[in-house]
Amino acid sequence: LTLFNLPVGQDMDGKPLVTVFENEPKIETVPSWDEISGADGSHPPGTKLDAGEAREAIKQLEALGYIQPLPEDTEKAVAETQQELDYNLACAHTDANQQGKAAEIFSKLWQARPDEHRYGAKYISSLLALGRFAEARAAIEQLRVNRKKYATEARAELKKLREKFKDKKPEDLKPDEQMKFRRFAARASLSPAPMLQMEAMLLLAENQPADALKILKKLEKAGRAQPDFFAQMGRCSLGVKNLREAERHFQKALELDPEHAHAHFGIAQVRLAQRRNFEAAGAALTSVGLLYHNPPAHFHLGVALHRLGKIGRAVEALRVSVAQNPNFLPAHRRLAMIYQNRLKKPKLAAAHRAEIQAILKRQRTSRQKIENPPAPRK
(Lines give C-alpha, C1' and ligand atoms only; values in the text may rest on other atoms or scores of the structure.)
Protein backbone atom coordinates (compact mmCIF):
# COMPACT_ATOMS: atom_id res chain seq x y z
CA LEU A 1 0.00 0.00 0.00
CA THR A 2 2.78 2.42 0.91
CA LEU A 3 4.64 1.58 -2.29
CA PHE A 4 1.58 2.67 -4.29
CA ASN A 5 1.04 5.81 -2.17
CA LEU A 6 -2.10 4.36 -0.61
CA PRO A 7 -3.09 4.78 3.05
CA VAL A 8 -2.58 1.95 5.54
CA GLY A 9 -5.57 0.55 7.46
CA GLN A 10 -5.28 1.21 11.18
CA ASP A 11 -6.83 -2.25 11.79
CA MET A 12 -4.06 -4.02 9.85
CA ASP A 13 -1.26 -6.04 11.46
CA GLY A 14 2.35 -5.09 10.90
CA LYS A 15 3.73 -1.84 9.54
CA PRO A 16 5.26 -0.51 6.30
CA LEU A 17 8.85 -1.54 5.64
CA VAL A 18 10.07 2.06 5.37
CA THR A 19 13.72 0.94 5.46
CA VAL A 20 13.43 -0.29 1.86
CA PHE A 21 12.88 3.28 0.58
CA GLU A 22 15.76 5.61 -0.23
CA ASN A 23 13.59 8.51 0.93
CA GLU A 24 11.34 7.53 3.81
CA PRO A 25 7.70 8.11 2.73
CA LYS A 26 5.02 9.83 4.78
CA ILE A 27 2.61 7.18 6.05
CA GLU A 28 -1.07 7.99 5.58
CA THR A 29 -3.75 5.95 7.37
CA VAL A 30 -7.47 5.21 7.20
CA PRO A 31 -9.52 3.55 9.97
CA SER A 32 -10.25 0.47 7.84
CA TRP A 33 -10.23 -0.45 4.16
CA ASP A 34 -13.25 -2.67 4.89
CA GLU A 35 -15.37 0.47 5.12
CA ILE A 36 -14.22 1.85 1.75
CA SER A 37 -16.29 0.82 -1.25
CA GLY A 38 -14.68 -0.08 -4.55
CA ALA A 39 -13.52 -2.96 -6.76
CA ASP A 40 -12.44 -5.34 -3.99
CA GLY A 41 -13.24 -8.64 -5.72
CA SER A 42 -16.62 -9.14 -4.04
CA HIS A 43 -19.53 -10.67 -5.93
CA PRO A 44 -21.79 -8.07 -7.55
CA PRO A 45 -25.03 -7.31 -5.67
CA GLY A 46 -27.73 -9.89 -6.27
CA THR A 47 -25.33 -12.71 -7.13
CA LYS A 48 -26.72 -16.11 -6.15
CA LEU A 49 -24.89 -19.41 -5.87
CA ASP A 50 -26.65 -22.54 -7.06
CA ALA A 51 -27.07 -24.77 -3.97
CA GLY A 52 -27.31 -27.92 -6.09
CA GLU A 53 -24.06 -27.21 -7.90
CA ALA A 54 -22.37 -26.44 -4.58
CA ARG A 55 -23.48 -29.80 -3.12
CA GLU A 56 -22.22 -31.66 -6.19
CA ALA A 57 -18.87 -29.88 -5.95
CA ILE A 58 -18.58 -30.89 -2.28
CA LYS A 59 -19.42 -34.53 -3.14
CA GLN A 60 -16.78 -34.55 -5.86
CA LEU A 61 -14.14 -33.24 -3.43
CA GLU A 62 -15.17 -35.91 -0.91
CA ALA A 63 -14.95 -38.64 -3.56
CA LEU A 64 -11.44 -37.52 -4.51
CA GLY A 65 -10.43 -37.60 -0.84
CA TYR A 66 -9.64 -33.89 -0.59
CA ILE A 67 -12.08 -33.30 2.26
CA GLN A 68 -13.76 -35.53 4.80
CA PRO A 69 -17.49 -36.15 4.32
CA LEU A 70 -19.54 -33.79 6.45
CA PRO A 71 -21.37 -35.51 9.31
CA GLU A 72 -25.10 -36.11 8.87
CA ASP A 73 -25.60 -34.49 12.27
CA THR A 74 -25.92 -30.77 11.47
CA GLU A 75 -24.73 -29.62 14.90
CA LYS A 76 -21.68 -31.84 14.66
CA ALA A 77 -20.95 -30.54 11.15
CA VAL A 78 -21.15 -26.94 12.38
CA ALA A 79 -18.90 -27.73 15.37
CA GLU A 80 -16.25 -29.39 13.16
CA THR A 81 -16.34 -26.47 10.72
CA GLN A 82 -15.89 -24.00 13.58
CA GLN A 83 -12.96 -26.02 14.95
CA GLU A 84 -11.27 -25.90 11.55
CA LEU A 85 -11.84 -22.14 11.34
CA ASP A 86 -10.40 -21.67 14.84
CA TYR A 87 -7.39 -23.84 13.93
CA ASN A 88 -6.68 -21.74 10.85
CA LEU A 89 -7.07 -18.56 12.91
CA ALA A 90 -4.54 -19.84 15.45
CA CYS A 91 -2.13 -20.70 12.63
CA ALA A 92 -2.54 -17.15 11.32
CA HIS A 93 -1.70 -15.80 14.80
CA THR A 94 1.42 -18.01 14.73
CA ASP A 95 2.46 -16.61 11.35
CA ALA A 96 1.94 -13.08 12.74
CA ASN A 97 4.15 -13.98 15.75
CA GLN A 98 1.19 -13.55 18.11
CA GLN A 99 2.05 -16.70 20.01
CA GLY A 100 -0.01 -15.87 23.10
CA LYS A 101 -3.25 -15.69 21.12
CA ALA A 102 -2.29 -18.80 19.15
CA ALA A 103 -1.54 -20.80 22.33
CA GLU A 104 -4.90 -19.84 23.84
CA ILE A 105 -6.83 -21.10 20.79
CA PHE A 106 -4.76 -24.27 20.34
CA SER A 107 -5.24 -25.06 24.05
CA LYS A 108 -9.03 -24.77 23.81
CA LEU A 109 -9.13 -26.86 20.64
CA TRP A 110 -6.99 -29.58 22.20
CA GLN A 111 -9.12 -29.69 25.35
CA ALA A 112 -12.23 -30.14 23.20
CA ARG A 113 -10.59 -32.72 20.90
CA PRO A 114 -7.74 -34.53 22.70
CA ASP A 115 -7.70 -37.06 19.85
CA GLU A 116 -6.55 -34.36 17.36
CA HIS A 117 -2.79 -34.56 17.87
CA ARG A 118 -2.06 -31.62 15.54
CA TYR A 119 -3.77 -29.33 18.06
CA GLY A 120 -1.45 -30.56 20.79
CA ALA A 121 1.66 -30.27 18.62
CA LYS A 122 0.82 -26.68 17.63
CA TYR A 123 0.07 -25.80 21.26
CA ILE A 124 3.49 -27.10 22.30
CA SER A 125 5.21 -25.07 19.56
CA SER A 126 3.47 -21.92 20.79
CA LEU A 127 4.49 -22.60 24.39
CA LEU A 128 8.11 -23.04 23.31
CA ALA A 129 8.00 -19.75 21.39
CA LEU A 130 6.64 -18.06 24.54
CA GLY A 131 9.38 -19.56 26.72
CA ARG A 132 6.86 -21.45 28.86
CA PHE A 133 9.03 -24.54 29.06
CA ALA A 134 7.48 -26.23 32.11
CA GLU A 135 4.03 -26.09 30.49
CA ALA A 136 5.51 -27.33 27.21
CA ARG A 137 7.05 -30.35 28.95
CA ALA A 138 3.73 -31.18 30.64
CA ALA A 139 1.95 -30.85 27.28
CA ILE A 140 4.48 -33.15 25.60
CA GLU A 141 3.85 -35.82 28.25
CA GLN A 142 0.08 -35.42 27.79
CA LEU A 143 0.42 -35.70 24.02
CA ARG A 144 2.47 -38.87 24.43
CA VAL A 145 -0.28 -40.40 26.62
CA ASN A 146 -3.00 -39.33 24.17
CA ARG A 147 -1.21 -40.78 21.15
CA LYS A 148 -0.84 -44.17 22.82
CA LYS A 149 -4.48 -44.19 23.93
CA TYR A 150 -5.97 -43.27 20.57
CA ALA A 151 -3.56 -45.49 18.62
CA THR A 152 -4.79 -48.47 20.66
CA GLU A 153 -8.41 -47.51 19.98
CA ALA A 154 -7.70 -46.98 16.26
CA ARG A 155 -6.11 -50.42 15.92
CA ALA A 156 -9.24 -51.96 17.44
CA GLU A 157 -11.49 -50.03 15.04
CA LEU A 158 -9.27 -50.95 12.10
CA LYS A 159 -9.58 -54.61 13.02
CA LYS A 160 -13.39 -54.31 13.04
CA LEU A 161 -13.42 -52.59 9.64
CA ARG A 162 -11.19 -55.24 8.08
CA GLU A 163 -13.48 -57.94 9.41
CA LYS A 164 -16.56 -56.10 8.17
CA PHE A 165 -15.23 -55.56 4.64
CA LYS A 166 -13.11 -58.70 4.30
CA ASP A 167 -14.99 -59.76 1.17
CA LYS A 168 -14.53 -56.40 -0.58
CA LYS A 169 -11.58 -55.12 -2.57
CA PRO A 170 -10.23 -51.71 -1.46
CA GLU A 171 -11.26 -50.09 -4.77
CA ASP A 172 -14.86 -51.30 -4.25
CA LEU A 173 -15.29 -49.43 -0.99
CA LYS A 174 -17.36 -46.23 -0.91
CA PRO A 175 -15.45 -42.93 -0.48
CA ASP A 176 -16.56 -42.55 3.14
CA GLU A 177 -15.50 -46.15 3.88
CA GLN A 178 -12.09 -45.55 2.30
CA MET A 179 -11.78 -42.36 4.34
CA LYS A 180 -12.47 -44.30 7.56
CA PHE A 181 -9.78 -46.83 6.71
CA ARG A 182 -7.24 -44.09 6.00
CA ARG A 183 -8.11 -42.17 9.17
CA PHE A 184 -7.83 -45.18 11.48
CA ALA A 185 -4.71 -46.49 9.73
CA ALA A 186 -2.98 -43.10 10.16
CA ARG A 187 -3.89 -42.95 13.83
CA ALA A 188 -2.97 -46.59 14.51
CA SER A 189 0.63 -46.17 13.34
CA LEU A 190 2.62 -44.78 16.26
CA SER A 191 6.01 -43.55 15.08
CA PRO A 192 8.21 -42.32 17.95
CA ALA A 193 9.93 -39.75 15.70
CA PRO A 194 7.50 -36.80 16.19
CA MET A 195 7.66 -37.04 19.98
CA LEU A 196 11.44 -37.38 19.98
CA GLN A 197 11.77 -34.33 17.76
CA MET A 198 9.51 -32.32 20.10
CA GLU A 199 11.63 -33.41 23.05
CA ALA A 200 14.71 -32.19 21.18
CA MET A 201 13.01 -28.85 20.43
CA LEU A 202 12.27 -28.42 24.14
CA LEU A 203 15.82 -29.29 25.19
CA LEU A 204 17.22 -26.83 22.64
CA ALA A 205 14.86 -24.11 23.91
CA GLU A 206 16.00 -24.91 27.47
CA ASN A 207 19.60 -24.33 26.33
CA GLN A 208 20.56 -28.00 26.53
CA PRO A 209 21.89 -28.44 22.96
CA ALA A 210 24.08 -31.47 23.76
CA ASP A 211 21.10 -33.50 25.02
CA ALA A 212 18.98 -32.34 22.09
CA LEU A 213 21.71 -33.36 19.65
CA LYS A 214 21.82 -36.92 21.07
CA ILE A 215 18.13 -37.35 20.24
CA LEU A 216 18.45 -35.81 16.79
CA LYS A 217 21.39 -38.04 15.87
CA LYS A 218 19.24 -41.09 16.59
CA LEU A 219 16.55 -39.68 14.29
CA GLU A 220 19.13 -38.92 11.61
CA LYS A 221 20.17 -42.58 11.61
CA ALA A 222 16.48 -43.49 11.23
CA GLY A 223 16.38 -41.54 7.97
CA ARG A 224 14.88 -38.17 8.93
CA ALA A 225 15.57 -35.90 5.95
CA GLN A 226 13.62 -32.66 6.16
CA PRO A 227 15.04 -29.12 5.92
CA ASP A 228 13.65 -28.11 9.34
CA PHE A 229 15.19 -31.21 10.91
CA PHE A 230 18.68 -30.44 9.57
CA ALA A 231 18.32 -26.77 10.55
CA GLN A 232 17.47 -27.94 14.07
CA MET A 233 20.57 -30.16 14.11
CA GLY A 234 22.61 -27.19 12.95
CA ARG A 235 21.33 -25.04 15.82
CA CYS A 236 22.22 -27.80 18.31
CA SER A 237 25.72 -28.10 16.83
CA LEU A 238 26.13 -24.33 17.16
CA GLY A 239 25.07 -24.68 20.79
CA VAL A 240 27.90 -27.12 21.50
CA LYS A 241 30.31 -24.93 19.45
CA ASN A 242 30.89 -27.53 16.72
CA LEU A 243 31.04 -25.18 13.75
CA ARG A 244 32.00 -27.82 11.20
CA GLU A 245 29.00 -30.02 12.03
CA ALA A 246 26.71 -26.98 12.22
CA GLU A 247 27.73 -25.91 8.72
CA ARG A 248 27.24 -29.44 7.39
CA HIS A 249 23.69 -29.61 8.74
CA PHE A 250 22.72 -26.15 7.53
CA GLN A 251 24.09 -26.97 4.05
CA LYS A 252 22.01 -30.19 4.03
CA ALA A 253 18.92 -28.14 4.81
CA LEU A 254 19.75 -25.78 1.93
CA GLU A 255 20.28 -28.70 -0.47
CA LEU A 256 16.70 -29.76 0.26
CA ASP A 257 15.31 -26.21 0.36
CA PRO A 258 17.56 -23.46 -1.10
CA GLU A 259 15.18 -20.83 0.29
CA HIS A 260 15.21 -22.01 3.91
CA ALA A 261 15.59 -18.71 5.78
CA HIS A 262 16.69 -20.29 9.08
CA ALA A 263 19.38 -22.37 7.37
CA HIS A 264 20.83 -19.24 5.70
CA PHE A 265 20.75 -17.56 9.13
CA GLY A 266 22.60 -20.56 10.56
CA ILE A 267 25.31 -20.20 7.91
CA ALA A 268 25.58 -16.51 8.85
CA GLN A 269 26.15 -17.48 12.49
CA VAL A 270 28.84 -20.00 11.49
CA ARG A 271 30.61 -17.46 9.27
CA LEU A 272 30.54 -14.82 12.03
CA ALA A 273 32.11 -17.29 14.47
CA GLN A 274 34.80 -17.97 11.82
CA ARG A 275 35.35 -14.20 11.40
CA ARG A 276 34.40 -14.52 7.72
CA ASN A 277 32.39 -11.34 8.00
CA PHE A 278 31.68 -10.61 4.33
CA GLU A 279 30.18 -14.08 3.83
CA ALA A 280 28.30 -13.74 7.12
CA ALA A 281 26.71 -10.49 5.94
CA GLY A 282 25.70 -12.12 2.65
CA ALA A 283 24.08 -15.12 4.35
CA ALA A 284 22.27 -12.92 6.89
CA LEU A 285 21.04 -10.61 4.11
CA THR A 286 19.70 -13.63 2.21
CA SER A 287 17.95 -14.83 5.36
CA VAL A 288 16.16 -11.54 6.08
CA GLY A 289 15.27 -11.29 2.40
CA LEU A 290 13.42 -14.59 2.72
CA LEU A 291 12.00 -13.95 6.21
CA TYR A 292 12.00 -10.26 7.06
CA HIS A 293 10.60 -10.49 10.61
CA ASN A 294 13.60 -12.12 12.26
CA PRO A 295 15.26 -9.88 14.89
CA PRO A 296 18.29 -12.18 15.52
CA ALA A 297 19.09 -12.33 11.78
CA HIS A 298 18.98 -8.52 11.48
CA PHE A 299 21.22 -8.35 14.57
CA HIS A 300 23.80 -10.72 13.06
CA LEU A 301 23.68 -8.74 9.82
CA GLY A 302 24.40 -5.61 11.86
CA VAL A 303 27.34 -7.29 13.63
CA ALA A 304 28.85 -8.42 10.32
CA LEU A 305 28.46 -4.94 8.79
CA HIS A 306 29.94 -3.35 11.91
CA ARG A 307 33.01 -5.56 11.62
CA LEU A 308 33.30 -4.64 7.92
CA GLY A 309 33.29 -0.94 8.80
CA LYS A 310 29.89 -0.31 7.21
CA ILE A 311 28.69 1.65 10.23
CA GLY A 312 25.66 3.35 8.70
CA ARG A 313 24.29 0.11 7.31
CA ALA A 314 25.10 -1.72 10.54
CA VAL A 315 23.03 0.81 12.50
CA GLU A 316 20.14 0.35 10.04
CA ALA A 317 20.14 -3.42 10.52
CA LEU A 318 20.39 -3.13 14.31
CA ARG A 319 17.57 -0.58 14.43
CA VAL A 320 15.36 -2.98 12.48
CA SER A 321 16.23 -5.69 15.01
CA VAL A 322 15.08 -3.60 18.01
CA ALA A 323 12.06 -2.31 16.08
CA GLN A 324 10.94 -5.90 15.54
CA ASN A 325 11.78 -6.92 19.11
CA PRO A 326 12.15 -3.96 21.49
CA ASN A 327 13.39 -6.34 24.21
CA PHE A 328 16.30 -7.72 22.17
CA LEU A 329 19.22 -6.92 24.46
CA PRO A 330 22.18 -7.79 22.17
CA ALA A 331 21.01 -5.30 19.54
CA HIS A 332 20.58 -2.53 22.14
CA ARG A 333 24.09 -3.23 23.50
CA ARG A 334 25.66 -3.14 20.04
CA LEU A 335 23.85 0.11 19.17
CA ALA A 336 24.97 1.72 22.44
CA MET A 337 28.57 0.74 21.67
CA ILE A 338 28.44 2.06 18.09
CA TYR A 339 26.79 5.34 19.06
CA GLN A 340 29.30 5.87 21.90
CA ASN A 341 32.55 4.78 20.25
CA ARG A 342 32.13 5.17 16.50
CA LEU A 343 29.48 7.83 15.88
CA LYS A 344 30.21 9.93 18.99
CA LYS A 345 26.53 10.37 19.83
CA PRO A 346 26.46 9.93 23.61
CA LYS A 347 22.78 10.85 23.97
CA LEU A 348 21.69 8.03 21.64
CA ALA A 349 24.10 5.64 23.37
CA ALA A 350 22.65 6.64 26.75
CA ALA A 351 19.09 6.07 25.47
CA HIS A 352 19.95 2.48 24.55
CA ARG A 353 21.73 1.88 27.86
CA ALA A 354 18.64 3.16 29.67
CA GLU A 355 16.48 0.82 27.60
CA ILE A 356 18.78 -2.08 28.53
CA GLN A 357 18.27 -1.33 32.23
CA ALA A 358 14.49 -1.10 31.76
CA ILE A 359 14.44 -4.48 29.98
CA LEU A 360 16.53 -6.13 32.70
CA LYS A 361 14.22 -4.70 35.37
CA ARG A 362 11.14 -6.07 33.56
CA GLN A 363 12.81 -9.47 33.26
CA ARG A 364 13.64 -9.55 36.99
CA THR A 365 10.06 -8.60 37.87
CA SER A 366 8.71 -11.30 35.55
CA ARG A 367 10.99 -13.96 37.08
CA GLN A 368 9.95 -12.94 40.60
CA LYS A 369 6.28 -13.33 39.70
CA ILE A 370 6.96 -16.83 38.37
CA GLU A 371 9.11 -17.87 41.34
CA ASN A 372 6.89 -16.23 43.98
CA PRO A 373 3.28 -16.46 42.79
CA PRO A 374 0.67 -14.68 44.93
CA ALA A 375 -0.94 -16.79 47.66
CA PRO A 376 -4.39 -18.11 46.74
CA ARG A 377 -7.33 -16.27 48.22
CA LYS A 378 -9.08 -18.00 51.11
Exceeding the 20 Å Cα-Cα cut-off - candidates LYS59/LYS180; LYS26/LYS101; LYS214/LYS241: LYS26/LYS101
How do GLU28, GLU355, GLU53, GLU177 stack up against each other in accessible area, from largest to smallest, with a 1.4 angstrom probe? GLU53, GLU28, GLU355, GLU177
Pair SER37, ALA112: separation of 7 Å Cα→Cβ label points (nm): 3.7
For the ILE359, GLU28 Cβ pair and Förster radius 25 Å, calculated FRET efficiency rounded to 0.05 is 0.15
If you count, for each residue, the other Cβ atoms within 10 Å and average over each peptide, how do 257-263, 278-284, 185-191, 43-49 line up from highest to lowest? 278-284, 257-263, 185-191, 43-49
What length, rounded to one decimal in nm, is gained on full extension from PHE181 through to ASN88, with 0.36 nm per residue of separation minus their alpha-carbon distance? 30.9 nm
Expected field for LYS148, accessible surface area in Å² at 1.4 Å probe radius, rounded to 10, holds 120
Accessible area, 1.4 Å probe, largest first: how do VAL240, VAL20 sort? VAL20, VAL240
What FRET efficiency comes out for the pair GLN142/ALA63, r = Cβ-Cβ distance, R0 = 51 Å, nearest 0.05? 0.90
What is the calculated FRET efficiency for PHE165 to LYS221, with r their C-beta to C-beta distance and R₀ = 41 Å, to the nearest 0.05? 0.60
Using a 1.4 Å probe and counting only protein heavy atoms, arrange TRP110, TRP33 so the residue with the most accessible area comes first. TRP33, TRP110
At 1.4 Å probe size, with the rest of the protein present, what percent of the exposed accessible area of segment 272-349 is carbon and sulfur atoms? 56
Obtain the nm distance between the two label points defined at ALA51 and GLU104 by a simple spin-label model: each point lies 7 Å from its Cα along the Cα-to-C-beta direction. 3.7
Between LYS344 and ALA210, what is the label-point separation in nm under the 7 Å Cα-to-beta-carbon projection? 4.8
Using 0.36 nm per residue of separation minus the Cα-Cα distance, give me the extension gain between GLU157 and LYS76 in nm, one decimal. 27.1 nm
For Cα extents along the principal axes in Å the list reads [x] 83, 60, 60; [y] 68, 47, 40; [z] 101, 43, 41; the calculated value is entry [x]
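The values are calculated or read from the model by the stated rules, or taken from the named source; none is laboratory data. From a predicted model like this one, the values you see are computed outputs, not experimental measurements. Cβ sites come from the backbone with ideal geometry, for glycine too, and all protein chains shown count toward neighbours. When the accessible area is computed, the model is the full protein with side chains, heavy atoms only, and any ligands, DNA or RNA have been set aside. Shrake-Rupley method; radii C 1.70, N 1.55, O 1.52, S 1.80 Å.
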